[in-house]
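To keep things clear, I will list the structure first and then write my remarks on it.
The values are calculated or read from the model by the stated rules, or taken from the named source; none is laboratory data. Keep in mind that what you see is a predicted model, and the values were worked out from it rather than measured. Don't worry about glycine lacking a Cβ; one is built from the backbone with ideal geometry, like all the others, and counts go over all protein chains shown. Please note that ligands, DNA and RNA were not included when accessible areas were found on the heavy atoms of the full protein model with its side chains. Shrake-Rupley method; radii C 1.70, N 1.55, O 1.52, S 1.80 Å.
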Amino acid sequence: MNTSVQQYIDLYRQAEGIIKAHSAEPMNAVRDGAFADFQRLGFPSKKEERYRYTDMAALFEPDYGLNLNRFEIPVDPYQAFRCDVPNLSTSLYFVVNDSFYNKALPQAHLPEGVIIGSLRENVDSFNQYYGRLAKTSEDAITALNTMLVQDGLLVYVPKNVKVDRAIQVINILKAPSLKGSAGEQAPFMVNRRVLIVLEEGAEAKFLFCDHAADDCHFLTTQVIEAFLGDNAKLDLYCMEETHAKNIRVSNVYIDQQRNSRVNHNVITLHNGITRNKLNLELNGEGAECSCNGCVIADKQQHVDNNTLITHKVPHCTSNQLYKYVLDEKATGAFAGRVLVEHGAQETTSQMTNQNLSASKSARMYTQPMLEIYADDVKCAHGSTVGQLNDAALFYMQQRGIAVKEAKLLLEFAFINEVIDKMELAPLRDRLHYLVEQRFRGQLSKCEGCKLCR
C-alpha cells in the first residue's frame, strides 16, 4: 500500500477517539464509513480520469501536523486581515483553520432565521444535509476530509429570505509554534468543511478569501456542500491569494432545484499548488448555472480545475468560462465535462476554456468534454492554448509602448472577460486593480490577502 495512504490510515486508527470527542454526532455518524471508503480507494493516481494532471499521493506524502485536540492557536484575525475594499459592504466572518471564529462577530444584523456559525455546534439541526452530496464512496479526498474534519462553517437561509449584504468569509491558516522553538513552525494540515443551505426562494452572496497568516507549509482539504431549493439564488466567489508554500485541495458539491440560479467564480491570483473540483447537478427544471474561473500563475505554481456539470432534467442551462495566464514554469490544467442524461431535453450548455502561455516553459493541459444522451439540446464546447499575438505586440510598439508594458496590457485584456462577469461591482473593480498588480509582479510575495489592502 502507498505510504501516503498508510500514514493516514494509521493516524485515524490511533486518534479516532480524540477526533470524535472534539466533533459532533452527525459528523461522527459518517466518519467510520468515510474511513472505510478511504482505505478502499487510496489516493487517486494519474490513471484516474479526474486526477490525471495532479499527483495527489505526492501532495499528502509529507508528515503534516494536525490540531486534533483543538488547542487554541493564538490569532487576532482582525489584525491579520483588514478589509477595506471600496464600497464593498459585507458581513465579515472568520474561519481560523477549520473553526468558526465567534469571539468578535460583525455588528450587521442578519435577517431573521439566518444562521452563520460553527458547523459542529449547529449540524444537529441540519444532519439531513451533511454528507449527502459529498459521497465518500466516489472520491478519496472527500473521504479523507470527512474522516478527519472536526468543525467548519454552516450557512442557512430560510424560505424566501434575501440576504442583501454580501457575506465575506476569511479562511485564515495559522500554524502552531513548535514546542521549545523560537517561533519555528512545522508543516500543518487543515481539514475544513462548509455546509450551505438555501431554502425555497432564498438568496445570498458569499465571498470566500483564503489567507495564510504564516510563512510555513500548509495543506488544506476543503469540502463545500451547497443545497438550493426552488427559485433560490447563490453567488459564490472563492478567491485564493496565499503563498508558494500552500497546497489547497477543494471539492465543491452543488445541488440545484427548480428555477434556481448559481453564479460560481474561482479566482487564483497567487498560490503554490491548487486543485479545485466542482460537481454541480441541475435537478430541477429551469435551473441555471454560470461557472467561471480566473487563473494567473508563474514561477512553478500549479493550478488544476476539474468540473462536472450534470443536466438531469429538461430545460436547464449551464455556462462555463475558464481563462488561464501562465508564465515562467507554471502549470495549468482544466478538465470540464458536461453530462446530459436521458430525458434532459432542451438543455443549453456552453463550455469555454481559453489559455495564454506567456513563456515557452509554461504548460497547459485542457480537456473539455460533452456526454449527451438526449437529442434536443444546444451544447457546445471549445478550448484554445496560445501565445501573445506578435502582430498586436508589434502594433503597440510602433506607437511607443514598451514591450513589457504591451505584454502586460494584452494579458490584462485577455483575463478581464472573466472578471467582467462578476456581479459584485466593487469586487469586480478591485480585481481589475489586483490583476494588473499581479501581472506587474507586485503581488509575488504574500503579505496578507491583497484583496483588502
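A few points about this structure:
- Given (1) in contact with a Leu (Cβ under 9 Å, 6 or more places away or on another chain); (2) modelled with pLDDT of 95 or more, number of the condition Arg13 does not satisfy: (1)
- Members of the stretch 111-142 that are open to solvent by 20 Å² or more (accessible area, probe 1.4 Å) and among the hydroxyl-bearing types (Ser, Thr, Tyr): Ser125, Tyr129, Thr136, Ser137
- Of all residues in the stretch 189-205, those satisfying the criterion of being part of a strand (DSSP E or B) and either touching a Gly at 6+ places or on another chain (Cβ under 9 Å) or crowded, with 24+ Cβ neighbours inside 10 Å (or both) are Met189, Val190, Asn191, Arg192, Arg193, Val194, Leu195, Val197, Leu198, Ala204.
- Looking only at residues of the stretch 413-434 that are assigned to a loop (DSSP other than H, G, I, E, B) and touching a helix residue (DSSP H, G or I) at 6+ places or on another chain (Cβ under 8 Å), we find that the one that is surrounded by the fewest Cβ atoms within 10 Å (Cβ to Cβ) is Asp420.
- Annotation note: of Thr352, Thr384, Thr331, the sole residue that is within 22 Å of Val266 (Cβ to Cβ), in contact (Cβ under 8 Å) with a residue 24 or more places away in the chain and open to solvent by 60 Å² or more (accessible area, probe 1.4 Å) is Thr384.
- Identification of strands (runs of 3 or more DSSP E) wholly contained in the stretch 226-339 with 1 or more residues that are within 12 Å of the chain's Cα centre (by Cα) yields 233-241, 246-256, 261-270, 273-282, 288-297, 302-311.
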